[in-house]
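Scroll down for the structure; my scribbles are underneath it.
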Amino acid sequence: MSRRERPEVEQRVIPAGAPDDPERFKSPRRGMAAAVLVLEGIILGLTAPVLVRFTDISAGAAIGIGVGLGLACVLTAGLLRKEWGYGVGWALQVAALALGFLVPAMFFLGAIFAALWATADLMGRRIEQERGAAWAAYDAAHPEAHPGAPGAPGTPSQD
């Protein structure tokens, strides 16, 4: 079958605000925090050559620290599906700041990433709470959007 002869694929269109609308369940907190961790992972991975050149640490240990912390950040970005992943992210912020004892510039970079992480975590949490309240208000105002739910048209009353 050539490209031109492909059958049309039927696409299901989900109206905005529908109960199964994927936008409804996307986490802004997770997206922002994952972006911070991936960028921080790149920076921490690039500290390995700096550690080798400007500290008395062995090359193996320096590479292990830099690449290990960088890889930990990237892997933690994937763990943000679970709430405990955010705790691991906070621990990585402490580790990035502690790297400043070996490379003083990391105090500055660690503080910047810690501030970005705190903003992503705390602001994302607030956005999710406000979004949840808005969806709850929408659901209460539009019971017809949830067939079979209590109060929806055609659903028996529980009086």
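List of remarks:
- Karplus-derived HN-Hα couplings along the range 35-50 (A = 6.51, B = -1.76, C = 1.60, θ = phi - 60°), whole Hz, x at Gly and Pro: 4, 4, 5, 5, 5, 5, x, 5, 4, 5, x, 6, 6, 4, x, 5
- The packing ranking of peptides 80-87, 93-100, highest mean first, is 93-100, 80-87, where packing means the average number of other beta carbon atoms within 10 angstrom of each residue.
- Karplus-based coupling profile of the range 53-60, in residue order and whole Hz: 6, 10, 10, 8, 6, 5, 4, x, with θ = phi - 60° in 6.51 cos²θ - 1.76 cosθ + 1.60 and x standing for Gly or Pro.
Taken together, the values in this text are just the output of simple stated rules run on the coordinates, not laboratory data. Please read these numbers as outputs of a predicted model, since none were measured by experiment. Backbone-built Cβ (ideal geometry, glycine too); neighbour counts: all protein chains shown.
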